[in-house]
Amino acid sequence: MIVSEFLIKEGQSTKVRIELQYLPCLAYFTCILKYDRIYIDIEERYVKQTYRNRCDVLTTNKIDTLTVPVKGYEPASSTKDILIDYNQDWTRRHLGCLQSAYGKSPFYEYYAHEFKRVYEKKLAYLVDLNYELLTICLRLTGIKKDIQYNLSGEIISEKAVANDISLINNRKQPNSHKYYSPAPYYQTFGNDFVGNLSIVDLLFNMGPEAKSVLLRSCKSQ
């Protein structure tokens, strides 16, 4: 289990608190780009049917949602305690979907093996799966930020940090794109650009240019 603590002091800014998501959407990464320090809270309450355990990819002219099944949990459970359910053969579905969706994309062959290695580990906890995948995505996009994960950190002042837990979500809400303004890029399928998909869509299609696309996608505030 990943362990790190954080402390936020009065008067500090350019910091944000968000949850850990599964192969996050582009809005998640534009949020990260907006701040100097990012606190990823894995003690926050787990919310089902959110990006915490699902992501959207573009297949043949349609959006496909990939979901990581989890074992039963109490309603007030922390995200850090959520266990992955391997009784369902979800890893084969996810890897098969990524192969089908992006196998012919320009950079799939360069990056796919890194993601496959993570799935092959069969990590027990959702946070560990999400953490390892996010680490790969940050490295491949070239995003270098002060990112800290907490298990027992204490937030002294909520005014010192933007609390955006659950803001970036898969539900149509006015503030869901607080940080993201779609900048079109090449996509393998479809004639119309589809924005805010999982970061893998951008990585497999654009490779080293992914970060420049994200920077163009940052909403001015």
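The values are calculated or read from the model by the stated rules, or taken from the named source; none is laboratory data. What you are looking at is a predicted structure, and each value in this text was computed from that prediction instead of being measured. Glycine also receives a Cβ, built like all others from the backbone with ideal geometry; neighbour counts cover every protein chain displayed. Side chains included, ligands, DNA and RNA excluded: accessible areas come from the protein's heavy atoms. Shrake-Rupley method; radii C 1.70, N 1.55, O 1.52, S 1.80 Å.
The conditions are (1) of a type in the set (Asp, Glu); (2) in contact (Cβ under 8 Å) with a residue 60 or more places away in the chain; (3) open to solvent by 40 Å² or more (accessible area, probe 1.4 Å), and Asp41 fails exactly one of them. Which is it?
Among (1) of a type in the set (Asp, Glu); (2) in contact (Cβ under 8 Å) with a residue 60 or more places away in the chain; (3) open to solvent by 40 Å² or more (accessible area, probe 1.4 Å), Asp41 violates only (3).
Pick from Pro24, Pro106: which is under 21 Å from Val213 (Cα atoms), buried (at least 22 other Cβ atoms within 10 Å of the Cβ), out of contact with any Lys or Arg (no Cβ under 7 Å at 6 or more places or on another chain) and modelled with pLDDT of 95 or more?
Pro24
Tell me, yes or no, whether segment 173-180 has at least one residue that is over 30 Å from Tyr46 (Cβ atoms), in contact (Cβ under 8 Å) with a residue 40 or more places away in the chain, more than 15 Å from the chain's Cα centre (by Cα) and buried (at least 17 other Cβ atoms within 10 Å of the Cβ).
no
Of the conditions (1) modelled with pLDDT under 95; (2) surrounded by 14 or more Cβ atoms within 10 Å (Cβ to Cβ); (3) among the aliphatic types (A, V, I, L, M), Leu7 clears all except one; give me its number.
Here Leu7 clears every test but (2).
Please pick out the residue among Gly190, Gly207 that is open to solvent by less than 80 Å² (accessible area, probe 1.4 Å) and at pLDDT below 95.
Checking each option against the conditions leaves just Gly190.
Mind listing whichever residues of segment 156-172 are modelled with pLDDT of 80 or more and either under 17 Å from the mean Cα position of the chain (by Cα) or within 20 Å of Ile199 (Cβ to Cβ) (or both)?
Asn163, Asp164, Ile165, Ser166, Leu167, Ile168, Asn169, Asn170 - these are the residues of segment 156-172 that are modelled with pLDDT of 80 or more and either under 17 Å from the mean Cα position of the chain (by Cα) or within 20 Å of Ile199 (Cβ to Cβ) (or both).
Can you pull out every residue in segment 98-122 that is within 17 Å of the chain's Cα centre (by Cα) and in contact (Cβ under 8 Å) with a residue 24 or more places away in the chain?
Selection gives Leu98, Tyr111, Ala112, Glu114, Phe115, Tyr119.
Of all residues in segment 71-83 being of a type in the set (A, V, I, L, M) and over 17 Å from the mean Cα position of the chain (by Cα), which is modelled with the lowest pLDDT?
Taking the candidates together, the pick is Ala76.
The rows are residues; the columns are (1) polar (S, T, N, Q); (2) open to solvent by less than 80 Å² (accessible area, probe 1.4 Å); (3) in a helix (DSSP H, G or I).
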| position | (1), (2), (3) |
| --- | --- |
| Gln49 | yes, no, no |
| Val57 | no, yes, no |
| Tyr86 | no, yes, no |
| Arg92 | no, no, yes |
| Leu95 | no, yes, yes |
| Tyr110 | no, no, yes |
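Identify the residue in segment 36-67 that is modelled with pLDDT of 95 or more and hydroxyl-bearing (Ser, Thr, Tyr) and, among all such residues, is farthest from Leu214 (Cα to Cα).
Tyr46
Do we find that Ile147 is β-branched (Val, Ile, Thr), in contact with a strand residue (DSSP E or B) (Cβ under 6 Å, 6 or more places away or on another chain), closer than 18 Å to Tyr28 by Cβ and in contact (Cβ under 8 Å) with a residue 24 or more places away in the chain in this structure?
Against the criterion (β-branched (Val, Ile, Thr), in contact with a strand residue (DSSP E or B) (Cβ under 6 Å, 6 or more places away or on another chain), closer than 18 Å to Tyr28 by Cβ and in contact (Cβ under 8 Å) with a residue 24 or more places away in the chain), Ile147 qualifies.
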